[in-house]
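K.L.:
Structure below; questions to follow.
Derivation of every value follows stated rules applied to the coordinates shown; laboratory data play no part. Quantities reported herein were computed from a predicted structural model and do not represent experimental measurements. Cβ sites come from the backbone with ideal geometry, for glycine too, and all protein chains shown count toward neighbours.
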Amino acid sequence: MENTIENLLHEVKSFSAKTKQDLESFRLKYISKKGAIGELFENLKQIPADQKKQFGKILNELKQAAEAKFTELNDKLQSSSEEKTNIDLTLPPVPNKVGNLHPLTLTKNRIIEIFERLGFNVADGPEIEDDWHNFSALNFPDNHPAREMQDTFFIEKKNAEGGDVLLRTHTSNVQIRLLEKQKPPVRAIMPGRVYRNEAISARAHCFFHQVEGLYVDRNVSFADLKQTLFHFAKEMYGKDIKLRLRPSFFPFTEPSAEIDVTCLICKGEGCVVCKRSGWVEIAGAGMVHPNVLRNCGVDPEEFTGFAFGMGIERVTQLRYQVNDLRLYSENDIRFLRQFHTEGTA
Ligand code: DAH
């Protein structure tokens, strides 16, 4: 009996299974109740009592070896069949998708490109701002409605210096920051994000983007402003674009104007975007108010300047015919991917 056990142990250890059937015949032959090992256990009953212990021990070892072998073979077969089903070496490779710039970034970059060629620098300012830079220095009277809660996100009422802290409502704050530290001539554009306490809809959002423009020097005139913006519109939208200035009011400019361009969604025919007028407003502008220059320590008798503030979303909407402002911040890959071929322009 000892020999039989030895032989069986050898067989079990050297067994190899290529298929599930091989494994099943291994199980039937050795492990199942009626298999070879089961039979030996049956035979154990006839062994004299004094040898039972010794045979029982080696028989148990055989049984454990067979079971371990079964598990090992089973694992091997399973993992190799998984590999087979998961990897198809004949498939063509899946190309790596390269990301692309956001449409607002593409537009911002294009705006910078156009103004840089006119000699404008790019300047930057904080999004968390104090009342002085966002309102007071820009000649907003104390009771101006733009300071009210429905427009401005206040962070802190009355900081250490006694002014409110808020999220800037426009990029015009950077005009002040710039003029405080740099004496004219100043020629800069200032792109950035701004915040307003508005209900989100297709036409309004609680945050959006602007590019501020500022040119302060001796003898800067309204004609310079008009030509600069006209040049910009032609570079951005093509030479057939028309520009229109409407009289307007801003506390920080005098005179002030709103700048319209031909609606590119309907080519001037009239549609929902331009409210059937054929024109779309892209910016507010004007001659820098003498009080603003004075607030920054610039003598308005010596220097004049123009300023403008442009909505990047609006410029982008006309460029790519996007009708819903919400698309810009929803991160829907189906929307964003459409700007892929633009490269990094
Ligand atoms: N800050 C204005 C706004 O957010 C836009 C604006 C108008 C900016 C006229 C200017 C300007 O610099 O001259 O509505």
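K.L.:
Grab the eigenvalues of the alpha-carbon gyration tensor for region 2-84, scale each by 5, take roots, and send me the semi-axes largest first in whole angstrom. Walk me through the intermediate numbers first.
P.N.:
Values: eigenvalues 171, 24, 17 Å².
They are 29, 11, 9 Å, listed from largest to smallest.
K.L.:
Rounded to the nearest 20 debye, what is the charge dipole size of region 1-111 about its Cα centre when +1 sits on each Lys and Arg Cβ and -1 on each Asp and Glu Cβ? Don't jump to the answer; show the numbers that get you there.
P.N.:
Numbers: 18 positive and 15 negative charges, 120 e Å.
Dipole about the Cα centre, nearest 20: 580 debye.
K.L.:
Set the Förster radius R0 to 35 Å, insert the Cβ-Cβ distance between Q182 and D240 as r into 1/(1 + (r/R0)^6), and round the FRET efficiency to 0.05. Intermediate results must be reported in sequence, preceding the final value.
P.N.:
Details: r = 37 Å, r/R0 = 1.07.
E between Q182 and D240, to the nearest 0.05, is 0.40.
K.L.:
Which distance in nm do the two modelled labels at K52 and D324 give, with both placed 7 Å along the Cα-to-Cβ direction?
P.N.:
8.3
K.L.:
State, to one decimal in nm, how far the label point of E156 lies from the label point of K76, with both points 7 Å from Cα in the Cβ direction.
P.N.:
Reported label-point gap for E156 and K76 is 7.1 nm.
K.L.:
Tell me which DSSP H helices of the chain clear both cut-offs, 20 Å or more of axial length from alpha-carbon atoms and a mean Kyte-Doolittle hydropathy of at least -1.0.
P.N.:
Values: long enough: 49-86 (56 Å, -1.26); 222-237 (22 Å, -0.13).
Helix filter hits for the chain: 222-237.
K.L.:
Could you work out how much longer the chain between N7 and E113 gets when fully extended? Use 0.36 nm per residue separation minus the Cα distance between them, nm to one decimal. Let's see the in-between values first.
P.N.:
Numbers: separation 106, 0.36 × 106 = 38.16 nm, distance 8.56 nm.
Extending this stretch completely gives an extra 29.6 nm.
K.L.:
On to the next question. How do 167-174, 16-23 rank on mean C-beta neighbours within 10 Å, highest first? Walk me through the intermediate numbers first.
P.N.:
Details: 167-174: 24.0, 16-23: 12.8.
Highest to lowest by the protection proxy: 167-174, 16-23.
K.L.:
If we count other beta carbons within 10 Å of each Cβ, what is the order of K69, K57, fewest first? Spell out each step's value before the answer.
P.N.:
Numbers: K69 19, K57 10.
Sorted ascending by nearby Cβ count, the order is K57, K69.
K.L.:
By a straight-distance test (C-alpha under 28 Å), which lysines pair with K239 as possible cross-link partners, with residues fewer than eight away in the same chain excluded?
P.N.:
Once the sequence-local lysines are set aside, what remains near K239 is K108, K226, K267, K275.
K.L.:
For T19 and Q227 in the same chain, what is the full-extension length gain: residue separation times 0.36 nm, less their Cα-Cα distance, in nm? Show your work: numbers first, answer last.
P.N.:
On the way: separation 208, 0.36 × 208 = 74.88 nm, distance 8.23 nm.
Answer, rounded to one decimal: 66.6 nm.
K.L.:
Let me ask something else about it. What ranking, highest mean first, results for peptides 302-314, 1-13, 122-134, 232-244 when packing means the other Cβ atoms within 10 Å averaged over each residue? Provide the component values of the computation, followed by the final result.
P.N.:
Working: 302-314: 21.5, 1-13: 13.7, 122-134: 18.5, 232-244: 16.2.
Highest-to-lowest ranking by the protection proxy: 302-314, 122-134, 232-244, 1-13.
K.L.:
List the residues of region 281-306 whose backbone N lies under 17 Å from a point placed 7 Å from the Cα of S248 along the Cα-to-Cβ direction.
P.N.:
281-289, 306
K.L.:
What shape does region 131-252 take by its C-alpha gyration tensor, where a ≥ b ≥ c are the square roots of the eigenvalues and a/c under 1.5 counts as rounded, a/b above b/c as prolate, and the rest as oblate?
P.N.:
Working: a/c = 2.20, a/b = 1.38, b/c = 1.59.
Taking the square roots of the gyration eigenvalues as a ≥ b ≥ c, region 131-252 is oblate.
K.L.:
Placing +1 at every Lys and Arg Cβ and -1 at every Asp and Glu Cβ, with all other atoms neutral, what dipole size does the chain have around its Cα centre, in debye to the nearest 20? Intermediate results must be reported in sequence, preceding the final value.
P.N.:
Values: 46 positive and 48 negative charges, 236 e Å.
My answer is approximately 1140 debye.
K.L.:
Treat region 35-78 as a sphere of radius equal to its Kirkwood radius over Cα pairs and apply Stokes-Einstein at 4 °C in a medium of 1.567 mPa s; give the translational diffusion coefficient in µm²/s, rounded to a whole number. Intermediate results must be reported in sequence, preceding the final value.
P.N.:
Values: Rh = 11.6 Å.
Diffusion coefficient, whole number: 112 µm²/s.
K.L.:
Return the equivalent ellipsoid semi-axes of the chain as a descending list in whole Å, where each equals the square root of 5 times an eigenvalue of the C-alpha gyration tensor.
P.N.:
Numbers: eigenvalues 1366, 127, 60 Å².
So the equivalent ellipsoid measures 83, 25, 17 Å along its semi-axes.
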